[in-house]
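Note sheet for the following structure.
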Amino acid sequence: MRKSAAWPLFWMYAGLVIYASIYPFAHWRDQGISTWSFLTAPLPRYWSGFDVAINVIGYAPLGALLALAVLRNPRNKYPILIPLLAGAVLSLVMEGLQSYLPQRVASKEDWILNTVGAALGAGTAVTLERLGGLARWDRVRSRWLGDYGRGYLVLLATWPFALLFPASIPFGVGQVLARSIAAMEEMVEELGGPEATTIWLAWLPAPNAVGDALSPSGVYLCVLLGLLIPCFLAFCVVKNPLHRAIAAVGLVLLGVGTTGFSSALSWGPAHAWAWLDVPVRSAVVTAVLLALVLVWLPVRASAALVLLALGVDLSILNQAPESPYFSQTLQSWEQGRFIRFNGLAQWLGWIWPYAAALVVLTQFGRRTDR
């Protein structure tokens, strides 16, 4: 029986919700009040439309994914009740933990809105199933993917969300070296002092200085590879060359649109396309043309190209510096109004390419060439 991608997507999303809810994991303290005192606090007099929307929208995918997973088992008769209770319990626990974090505020209205979001997501999924949407999706998936593709579908479904967190280079997910070294330096200094830090850092590769920016050709190559990687992932499971061409063009358009949306969130709608300069535009066009030329590649060749592109792309990205403007953008996401988005998008942006490499490596030997 074909396995559903709803379960791994649900658990992944639940983990990201947990991270986003208790970020930044620092300076825990007891305020001398009950963990659940927020439940009896009066509702606020003034509401922010952004807070209302983000609390509802944040839990809607959680409820929808769990409802889809429940619907896959015909013995489960509560496809709305189970996601509603799961969302309510998860949100209740997260709000309780926030009472111990100095930068977070436990809120009854957040708990209510999160629960409503989970219920709306579940209700939407069940409604689509009742209208035949799930059966149609099964037919489309069978025609396009056959019996394979759960891991690849999870990767392709999460790629646009990985692009939401600002990147120093468009589509440049996986740039973790500088932050990893900074985190290790801080940890080693706390454990062993400055001398231990100096010795430890001598064994680590040092990221480039801020001034050593990538050349236009380097940006072009990173953008090109960043767009081709999801296309090659799709080629690993999509069978028909025409379907591959449609998937490639759709993925590139989705990536461009998501990056523009992220830029609009960071800099404002007037600057949504400021990142789309000459090297980036050239790389986007080249990615589409190359993907269309390579739609007849065998599955194993596509998988090999994924691994090759990931290796080159991550190598260049993790030697690239972060500009001061990019650092300011990160502050607005990590400390400003996007703090709830921070964990959901940041961790996806960090781990997505490494998860892609793991999925391709684990499934590479299981597939026969077509």
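The values are calculated or read from the model by the stated rules, or taken from the named source; none is laboratory data. Because the structure is predicted, anything quoted here is derived from the model rather than measured. Quick reminder, even Gly has a Cβ in these numbers, built from the backbone with ideal geometry, and neighbours come from all protein chains shown.
Quick look at the numbers
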| read-out | value |
| --- | --- |
| Long-range neighbours under 7 Å by Cβ, at least six apart or interchain, first residue on the phi > 0 side of the Ramachandran plot and at pLDDT 60 or above within the range 341-370, second outside any loop (DSSP other than H, G, I, E, B) and among the β-branched types (Val, Ile, Thr) | none |
| Condition check for LEU101: surrounded by fewer than 23 Cβ atoms within 10 Å (Cβ to Cβ), among the hydrophobic types (A, V, I, L, M, F, W, C), touching an Asp or Glu at 6+ places or on another chain (Cβ under 6 Å) and at pLDDT below 90 | no |
| Meets criteria (at pLDDT 90 or above, aromatic (Phe, Trp, Tyr) and more than 18 Å from the chain's Cα centre (by Cα)) for PHE235 | yes |
| Test: residue in the range 128-148 that is in a helix (DSSP H, G or I), in contact with a Lys or Arg (Cβ under 6 Å, 6 or more places away or on another chain) and in the same structural domain as TRP11 (by TED's automatic domain parsing) | no |
| Cβ-Cβ under 8 Å pairs, at least 6 apart or on other chains, the range 253-268 side in the same structural domain as PRO230 (by TED's automatic domain parsing), far side β-branched (Val, Ile, Thr) | VAL256/VAL284; SER266/THR329; TRP267/THR329 |
| Residue in the range 76-90 that is exposed (fewer than 15 other Cβ atoms within 10 Å of the Cβ), in a loop (DSSP other than H, G, I, E, B) and of a type in the set (D, E, K, R) present | yes |
| Checklist (1) surrounded by 18 or more Cβ atoms within 10 Å (Cβ to Cβ); (2) outside any helix (DSSP H, G or I); (3) at pLDDT 80 or above applied to SER4, failing item | (3) |
| Residues satisfying the stated conditions in the range 213-252, i.e. surrounded by 23 or more Cβ atoms within 10 Å (Cβ to Cβ) and either outside any helix (DSSP H, G or I) or not assigned by TED's automatic domain parsing to the domain that holds SER315 (or both) | CYS236, VAL237, VAL238 |
